[in-house]
1. Need the full-extension length gain, GLN99 to GLU161, defined as separation in residues times 0.36 nm minus the C-alpha distance. One decimal, nm.
2. Quick one: Karplus J couplings for the range 68-81, per residue in order, coefficients 6.51, -1.76, 1.60, θ = phi - 60°, nearest Hz, x for Gly and Pro?
3. Leaving ligands and nucleic acids out of the surface, order ASP117, ASP140 by accessible area at 1.4 Å, largest first.
4. Could you pull out the chymotrypsin sites (Phe, Trp or Tyr not before Pro) across the range 2-42 that fall in loop regions by DSSP (anything but H, G, I, E, B) with no more than 16 other Cβ atoms inside 10 Å?
5. Counting other Cβ atoms within 10 Å, keep those with at most 12, restrict to DSSP loop, and tell me which trypsin sites (Lys or Arg not before Pro) in the range 1-87 are left.
6. Karplus couplings for the range 119-133 from phi (6.51 cos²θ - 1.76 cosθ + 1.60, θ = phi - 60°), rounded to Hz, Gly and Pro as x?
7. Keeping every protein chain in place, order LEU136, LEU50 by accessible area at 1.4 Å, biggest value first, i.e. largest first.
8. Once you have all Cα-Cα distances for the chain, histogram them in 5 Å bins from zero and send the whole-percent values.
Amino acid sequence: MEVCFSHGKESGPWGSKITALAEVARARGYAVESLDYRGIDDPVVRIERLRAHCETLSAPPLLVGSRMGAYVALGVAAELDVRAMFLMAPAVYVPGYEQYEPQCPRCPLTIVHGWRDGIIPARSALRFGAECAATLHMLDADHRLAGQIPAVCRLFSLFLEELGAAQ
């Protein structure tokens, strides 16, 4: 099974958070891929790219998204089968992103968000988490979850453990 990472608007496919989480996934036997959206500001184009990648896979992927990448992952999960989702600071309920209003995925969902997020307010994560009956972890962190990568890795490891073995 593949873990497919979607990075945020201002980051790249192998930033420090994704690199750390990819190591957690590999250690548990998962294949990993991180799509490169640099230079693509339109979230709809990013969604199309992720959807095209997921359609090539032999099994539903586990999607991991950060910020706009979480929004992109939600857009794909509304259209395709997804094994599970792990979203960090998801860009939900944000003006300008109305084309894909957040829909609850039909798979296990974990959200990690910072209490001090000045871009996507904590109330957005709380609202979306409640609407989806998601597992929600609120950390003492900003939008980038700066300084919390070890905690995010532990939460991701627990998430993978609860899903069971990579197939």
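The values are calculated or read from the model by the stated rules, or taken from the named source; none is laboratory data. Worth saying up front: this structure is predicted, and the values here are computed from it rather than measured. Here the Cβ positions follow ideal geometry from the backbone for every residue, glycine too, while neighbour counts run over all protein chains shown. Calculation scope for accessible area: heavy atoms of the full protein, side chains included, ligands and nucleic acids excluded. Shrake-Rupley method; radii C 1.70, N 1.55, O 1.52, S 1.80 Å.
1. 18.9 nm
2. Along the range 68-81, the couplings run 4, x, 5, 4, 4, 4, 5, x, 6, 5, 6, 10, 10, 6 Hz.
3. ASP140, ASP117
4. Those that pass, being in a loop and sparsely packed, are TRP14.
5. Sites meeting the loop and neighbour criteria: ARG38.
6. Here the 3J(HN,Hα) series is 9, 10, x, 3, 4, 5, 5, 4, 4, 5, x, 5, 4, 9, 6 Hz.
7. Descending accessible area places them as LEU136, LEU50.
8. The percentages, shortest bin first, are 2, 9, 21, 25, 23, 15, 5, 1.
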